[in-house]
Every structure is written in C-alpha cells, then in structure tokens.
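Report on one structure; see the data block that follows.
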Amino acid sequence: MVVLYVLALLCVDDKVLLLRRSNASFGQGLYSLVGGKVENNERALHALQREIREEIALDIPEDAFKLVHTFHRNGTDNNLIALCFIADISAMPMPKNNEPNKHDDMQFFKISELPSNIIPAHKQAIEYIQQQIGYSEHGW
C-alpha cells in the first residue's frame, strides 16, 4: 500500500522550521518538517493547511505554497509518497508548538546547518530541494 504525505518547508530567510517528535510511533526524538498524512477524499493542499494549523497554529493560504520536491520512501509498514511544498512565512505571525504532546521542540535551523537528529528522508529532501532536484527515492 502507498500512503500520500504532504510536507512543508516553512522558511524565514535561510532558515527552515523543524519540529522534534516525541511520543511518536515513528521518528521518536528526530526533527521533521511540518506535515502529515493526506486523509481519504482530502486534497493535498488542504491536508497541508490542516497539518500546519494543527501543528504550529498558522493559517497559510494555498497560493503561498510551491511544490518543490516529491520523494518515494520504502517505509517499515507502507511505502509512502511525500509532496514537499515550500512557503516563505517571514511576514506571518510567529508559529507556536500547538501539539506539545507530539513535539517537544520547535525551532528554525539554517538550511545549511540541519541538526544531526533529523528524519533521514526529510534531510535528503531538503538537500535535493537546495539542488533543485524534483524527485528522489529513499530506503529502497
């Protein structure tokens, strides 16, 4: 089975917002991009907006997002395809950790200085986005 995910590179200048997962079934203690699973009968951009509201309490309009990368990951339970969108949030209110029970840290990192404890597929996607590579595979 293939599951569709959406991820957001939310940027301010040369920094990207990352959340550290806690109480997680996957990626415990690792930083990740904001995002999550697209629900059945849900549009991808709607899912991205929903995940951003749930996780960091920002309401970002659809036209602020640009699709910059897609990756196909061989997961432990399912394969997944992730659509990675970028948005500049420098003119928006400061995000807040809206789910402290799921994320024990939230901070901006320089894109060139990502933390070592980041989900490997997310790190790979960020690196490929910097190189303007539109598609990658991970874990095969």
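The values are calculated or read from the model by the stated rules, or taken from the named source; none is laboratory data. Remember, it's a predicted structure, so these values are computed and weren't measured experimentally. So basically every Cβ, Gly included, is an ideal-geometry build from the backbone, and we count neighbours across all protein chains shown.
Annotations for the structure displayed:
- Check on Ser116, assigned to a loop (DSSP other than H, G, I, E, B) and farther than 27 Å from Ser25 by Cα: no
- Test result for Arg53, among the basic types (Lys, Arg), surrounded by fewer than 14 Cβ atoms within 10 Å (Cβ to Cβ) and either closer than 27 Å to Ser112 by Cα or modelled with pLDDT under 95 (or both): yes
- Meets criteria (in contact with a strand residue (DSSP E or B) (Cβ under 9 Å, 6 or more places away or on another chain), surrounded by fewer than 20 Cβ atoms within 10 Å (Cβ to Cβ), of a type in the set (A, V, I, L, M) and on the phi < 0 side of the Ramachandran plot) for Leu4: yes
- Some residue of segment 31-50 being closer than 13 Å to Ile119 by Cβ, touching a residue at least 60 places away in the same chain (Cβ under 8 Å), surrounded by fewer than 22 Cβ atoms within 10 Å (Cβ to Cβ) and among the hydrophobic types (A, V, I, L, M, F, W, C): no
- Within segment 19-37, tally of residues that are assigned to a strand (DSSP E or B) and either out of contact with any Pro (no Cβ under 7 Å at 6 or more places or on another chain) or closer than 15 Å to Ala64 by Cα (or both): 8
- Only a single item in (1) within 18 Å of Gly139 (Cβ to Cβ); (2) outside any strand (DSSP E or B) is not met by Leu48, and it is number (1).
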